[in-house]
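The values are calculated or read from the model by the stated rules, or taken from the named source; none is laboratory data. If you're wondering where the values come from, they're calculated on a predicted model, not measured in any experiment. All Cβ positions, glycine included, derive from the backbone under ideal geometry; neighbour counts span all protein chains shown. Heads up: the accessible areas ignore ligands, DNA and RNA and are worked out on the full protein's heavy atoms, side chains in. Shrake-Rupley method; radii C 1.70, N 1.55, O 1.52, S 1.80 Å.
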Amino acid sequence: MHFDHTLEGYTVSNKFVNIRTGEKMFFSIFTLFIAVYTQSPFLLLLILFTMSSITIWSGVRIKHYVEMLMIPLSFLLPSIFVLAFLRGSEPVLTFSLLGMHLAMMREGLELGALLMMRSMAGISCLFFLIMTTPIAEILDTMKKFRIPGIVVELSFMVYKLIFVLIEEMESTKIAQYARLGYLRGNRIKSLSLLLSSMLVRSLEKAQNMEMALEARCYAGKMPSLKFGRETESESKVHVISPSLILIILFDACLLVMAVEGGV
Amino acid sequence: MSGYKDEEDIKRDAEKMVEVQDLWFSYNKEKWALKGINMELIRGEKTVLLGSNGSGKTTLLLHLNGILIPDKGRIKVSGNYLSYTKKALTEVRKRVGIVFQNPDDQIVAPIVFQDVALGPVNLRLSDGEVKNRVKRALNELNIEELSDRKAHELSEGEKKKVAIAGVLAMEPEILVLDEPTSGLDPQSSEDLITIIDSMYKQNDNMAVLVATHNVELAYEWADRVIVLSEGEIVKSGKPYEVLGDEKVIKSGRLAMPRVLRIYKGIEMAACENPGVPPRSVEELLKVMKGNLRQ
């Protein structure tokens, strides 16, 4: 799966294309805050469930969604596993490994499960945003909300360079495979060669890009999206829209449940 | 395409848009990359800078808008010597637009119109003016339909055009293109040259400089050819004068254009009235037909 193309494809052709970026960002980020704040597993599961089903309903293929989820999961699971051994006093499972006595604790397990749910809920919020909204529009909206230019510009450059790096990596890797890299004995050596050549190449790329930007008098300003479209600015007079009302209702319910904490 | 421009020297002096005077430059202080370059670009003239790989073409181009600073020598743009203050550089870069060889280095914004707007926006033009310029630039390159496309989805030829549009939107007086046809298939490169041509005709007070190692393109298209080899200018002049010279071809590590080579053969064998050599296959065929009838 080519994440760049698939992801970008979803962002421009999903059911929420016509909903304003600000609304989507508000929905995603406000719900994320609730997920960080709440202690209730029920609420976290509710967020995870709604967010991922909305995202999938908008047009993302389940297979791709799960594949994308696997990336953060592969970081999450090991750390949560370790956590289960570190906290608490009531052992659930004990065994010895290489002469060490290890005990899985109930408290640690519970904490791990909560953490896991919280992270997944948060990730589903962010997935909703990146799978339904083009990065250019997110950055544009960030600018509108007076987020400092340097932050917006940096995020943009990072985004752009991710793809440059992926491309460089793929072509270098193909070249290595063609010359019998990554065979049994030389896997690590091949990887180290890949990394070092990527460093050199990306520095070169960065320098070329800098020269090209300089040649066009770049002074830290990224053009906003309004230059391409002619009608949009006039049609966006309404502040209140059905989607916004829905979002506010949903988030208000979540907030009340989170504050009450009774569920 | 027919005939060559024959200005008088006085007029030429007045129309000099860029003057490079005895330019020396080295990257690492061990070896000179440019050794005493003297060169000028004339208003309304299409100049081709010919040179093999590593001859210093790109290095020379990067001096024209002040990205590189010469170790010795000076550069005059529109009558003023380059000074390297921030303000002066912006002014120069507005006048001298450089299209880089690799469009991927140049196209930074995710969407085409956004990238074309980058120059104008950073020149702090008004929103209306930015919109106009983006529209005009896309129109001049005949790529309005690409306006809303994502930059990384474009074909190589489309990317080149977008890169040119991005520079054109700054409305430069001097347009510099580094290897515009490299990496393009024959159809796209011909297409691109036609577009550069029509664009140049629409802005007749522009000077165009194309750096390439494509001798056929240089011979057929240029008003003036400059051959660069190992950081030195070997010869500069009208295409047939420069490219018909065996010595220049050899020291520049180039090849004589095919049309010229064939014509030279015919000329030696049969031609009675050697005049201006033909520049394109069509012109060559015309000459041959004329001679055969006689």
Task: Pairs where the first residue, in region A:6-29, is open to solvent by less than 40 Å² (accessible area, probe 1.4 Å) and the second is at pLDDT below 85 and among the polar types (S, T, N, Q), C-beta under 9 Å, 6+ apart - done: A:Phe16/A:Ser243; A:Glu23/A:Ser241; A:Glu23/A:Ser243; A:Lys24/A:Ser243; A:Phe27/A:Ser243
Open item on the list: Against the conditions (1) closer than 30 Å to A:Asn14 by Cα; (2) modelled with pLDDT under 85; (3) open to solvent by less than 30 Å² (accessible area, probe 1.4 Å); (4) more than 11 Å from chain B (Cβ to nearest Cβ), where does A:His238 fall short? Just the number, please.
Closed with: (3)
Task: Within region A:183-222, considering residues that are surrounded by 15 or more Cβ atoms within 10 Å (Cβ to Cβ) and over 30 Å from B:Leu123 (Cβ atoms), the one farthest from the other protein chains (Cβ to nearest Cβ) - done: A:Ser190
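Could you please give the count of residues in region A:162-182 that are under 16 Å from the mean Cα position of the chain (by Cα) and buried (at least 16 other Cβ atoms within 10 Å of the Cβ)? Before the answer, list the steps.
Let us first name the residues in region A:162-182 that are under 16 Å from the mean Cα position of the chain (by Cα), namely A:162-163.
In the following step, the residues that additionally are buried (at least 16 other Cβ atoms within 10 Å of the Cβ) were identified as A:163.
Number satisfying all stated conditions: 1.
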Open item on the list: Here are the criteria: (1) part of a helix (DSSP H, G or I); (2) within 30 Å of B:Leu175 (Cβ to Cβ). Tell me which single one A:Pro223 does not satisfy.
Closed with: (1)
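Just one of B:Leu146, B:Leu89, B:Leu82, B:Leu138 is assigned by TED's automatic domain parsing to the domain that holds B:Ile174, surrounded by 15 or more Cβ atoms within 10 Å (Cβ to Cβ), touching a Ser or Thr at 6+ places or on another chain (Cβ under 8 Å) and touching a residue at least 12 places away in the same chain (Cβ under 8 Å); which is it? Spell out the reasoning first.
Numbers: B:Leu146 fails: touching a Ser or Thr at 6+ places or on another chain (Cβ under 8 Å); B:Leu89 fails: touching a Ser or Thr at 6+ places or on another chain (Cβ under 8 Å); B:Leu82 fails: touching a Ser or Thr at 6+ places or on another chain (Cβ under 8 Å).
Answer to the selection: B:Leu138.
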- [ ] Please enumerate the residues belonging to region A:50-74 that are under 21 Å from A:Leu246 (Cα atoms) and assigned to a helix (DSSP H, G or I).
- [x] A:Thr50, A:Met51, A:Ser52, A:Ser53, A:Ile54, A:Thr55, A:Ile56, A:Trp57, A:Ser58
Task: Count - residues of region B:93-123 that are more than 8 Å from chain A (Cβ to nearest Cβ), in a loop (DSSP other than H, G, I, E, B) and farther than 18 Å from B:Asn65 by Cβ - done: 1
Task: Residues of region B:224-248 that turn out to be assigned to a helix (DSSP H, G or I) and touching a Leu at 6+ places or on another chain (Cβ under 7 Å), as a count - done: 2
- [ ] Kindly check whether there is at least one residue in region B:67-83 that is more than 29 Å from B:Trp221 (Cβ to Cβ), away from every other protein chain (no Cβ under 14 Å) and hydroxyl-bearing (Ser, Thr, Tyr).
- [x] yes
TODO: Considering only region B:199-223, state which residues are touching a residue at least 40 places away in the same chain (Cβ under 8 Å) and in a helix (DSSP H, G or I).
DONE: B:Met199, B:Tyr200, B:Gln202, B:Val215, B:Glu216, B:Leu217, B:Ala218, B:Tyr219, B:Glu220, B:Trp221
Task: Count - residues of region B:180-213 that are in contact with a Pro (Cβ under 8 Å, 6 or more places away or on another chain) and more than 30 Å from B:Ser251 (Cβ to Cβ) - done: 1
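Being assigned to a helix (DSSP H, G or I), touching a residue at least 40 places away in the same chain (Cβ under 8 Å) and within 11 Å of chain A (Cβ to nearest Cβ) is the filter here, so list the residues in region B:149-163 that pass it.
B:Ala151, B:His152, B:Ala163
Tell me, please, whether a residue that is charged (D, E, K, R), surrounded by fewer than 17 Cβ atoms within 10 Å (Cβ to Cβ) and in contact with a Ser or Thr (Cβ under 7 Å, 6 or more places away or on another chain) can be found in region A:74-97. Steps first, answer last, please.
Here is the first cut: in region A:74-97, the ones charged (D, E, K, R) are A:87, A:90.
Remaining after also requiring surrounded by fewer than 17 Cβ atoms within 10 Å (Cβ to Cβ): A:87, A:90.
Now restrict to residues that are in contact with a Ser or Thr (Cβ under 7 Å, 6 or more places away or on another chain): none.
No - not one qualifying residue is present in region A:74-97.
Under the condition of being among the small types (Gly, Ala, Ser), open to solvent by 20 Å² or more (accessible area, probe 1.4 Å) and more than 22 Å from B:Gly56 (Cβ to Cβ), which residue from region B:230-269 is farthest from the chain's Cα centre (by Cα)?
Among them, the one singled out is B:Ala269.
Report whether or not B:Gly79 is at pLDDT 90 or above and of a type in the set (Gly, Ala, Ser).
So B:Gly79 does not fit the description; no.
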Task: Failed item in (1) of a type outside the set (A, V, I, L, M); (2) under 17 Å from the mean Cα position of the chain (by Cα); (3) modelled with pLDDT under 85; (4) open to solvent by 30 Å² or more (accessible area, probe 1.4 Å), with A:Phe33 passing the rest - done: (3)
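Among the residues of region B:164-192 satisfying the criterion of being among the acidic types (Asp, Glu) and within 13 Å of chain A (Cβ to nearest Cβ), which is surrounded by the fewest Cβ atoms within 10 Å (Cβ to Cβ)?
Pass one, region B:164-192, residues among the acidic types (Asp, Glu): B:171, B:173, B:178-179, B:185, B:190-191.
Narrowing the set further to residues that are within 13 Å of chain A (Cβ to nearest Cβ) leaves B:171, B:178.
Values: B:Glu171: 18, B:Asp178: 20.
Among them, the one singled out is B:Glu171.
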- [ ] Could you tell me which of the residues B:Glu129, B:Glu140 is more than 7 Å from every other protein chain (Cβ to nearest Cβ), acidic (Asp, Glu) and within 12 Å of B:Lys161 (Cα to Cα)?
- [x] B:Glu140
Open item on the list: Could you go through region A:144-156 and let me know if any residue there is β-branched (Val, Ile, Thr), in contact (Cβ under 8 Å) with a residue 12 or more places away in the chain and either under 30 Å from B:Gln114 (Cα atoms) or open to solvent by 40 Å² or more (accessible area, probe 1.4 Å) (or both).
Closed with: yes
